[in-house]
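Let me begin by presenting the structure, written as structure tokens, before commenting on it.
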Amino acid sequence: MSFPNISDILATTIESRSKKIADNVTDNNAILKKLSMKGKIQTFSGGHQILQEMSFAENANGGWYSGYDILPVAVSDVITAAEYDIKQAAVPVVISGLEQLQNAGKERMIDLMEARLNVAESTLANIISAALYSDGTGSGGKEITGLNAAVPLDPTTGTYGGIDRATWTFWRSQLKDVANTTTLQADMNELWSECTRGADRPDLIMCDNTVWQAYLASLQALQRFTSPEVGNLGFPSLKFIDADVCLDGGIGGNCPTGTAFMLNCDYLHYRPHAQRNMVPLSPNRRYSVNQDAEVQIIAWAGNLTTSGAQFQGRLDVNA
């Protein structure tokens, strides 16, 4: 029996699984899952950069008046946009000529594809999950502009999203720098209040092992309230006020050592490209020039953006 057209099977299998792969990448990470639940995963269709619109000031024309007072109607510039580079990631799925011969027949080839795609899917999920904490400079500046850029150790300097933090105070995140975890609850209380404006408040706290263990130890047994919304998805979760507290440590954890990110996910956005969200890079055949092999590539493009840096906080434990 001749083996089927491997290129067509591979390309169509990736194409049919692209939505599932994208969903599994989201489900692999508490941050992305929270953003998905809040409708903050939004594709973009093109352009040189990803623009994230935001309001940076109140309308200066607002105020009190009486009777026939003249009302100000001057132009009030209160909207701007942060600019984020488009970052790209890919995982190749390779099949050798020998494997094609050994797996002759459609059913065997699909089984092989499933196994290879499962590995590629988990690899891409781990790549993106780790990059969510990056500062965008890794791999020669090719990584996602992640939380280490959005919520840095020094929020008063540097340019993020094309906006200079030294000049624009509204673009500075909050930082609580502590020597150790002995006063963790009080430190978290202070950081939470600094990130809060009315109904705008943190709803997700991502911790490494150090902060997670200290926070867990600080709770009495009856205070260990879990969040069924996030906890049932497989992420270890507690509550701080009404924010989910999740561990991203343990085996393969990505949260920086001695760190808790106190996030307001209403102002965070995961922005994959509409035509490059876990899809085959090309449906055409890709042959190795000097090997008996064919390859298809699962590709992603986009970035993590924010429309409200001042609502994001970071607790940094120095010890």
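Observations on the model:
- Subtracting the Cα-Cα distance of Q275 and L101 from 0.36 nm times their residue separation leaves 59.3 nm of extension gain.
- Förster-model FRET efficiency, 22 Å R0, S45 and N118, C-beta, rounded to 0.05: 0.15
- Full extension of the chain between E53 and M37 gives 3.7 nm of extra length, using 0.36 nm per residue less the Cα-Cα distance.
- Filter on K33/K142; K34/K239; K20/K142 - keep pairs with C-alpha separation over 21 Å: K33/K142; K20/K142
- Difference of contour (0.36 nm per residue) and Cα-Cα distance, Q291 to K142: 50.8 nm
Each reported figure results from applying straightforward, stated rules to the coordinates on display, with no laboratory input. All values derive from a computational prediction rather than experimental measurement. Here Cβ is always computed from backbone atoms with ideal geometry, including for glycine, and neighbour counts include all displayed protein chains.
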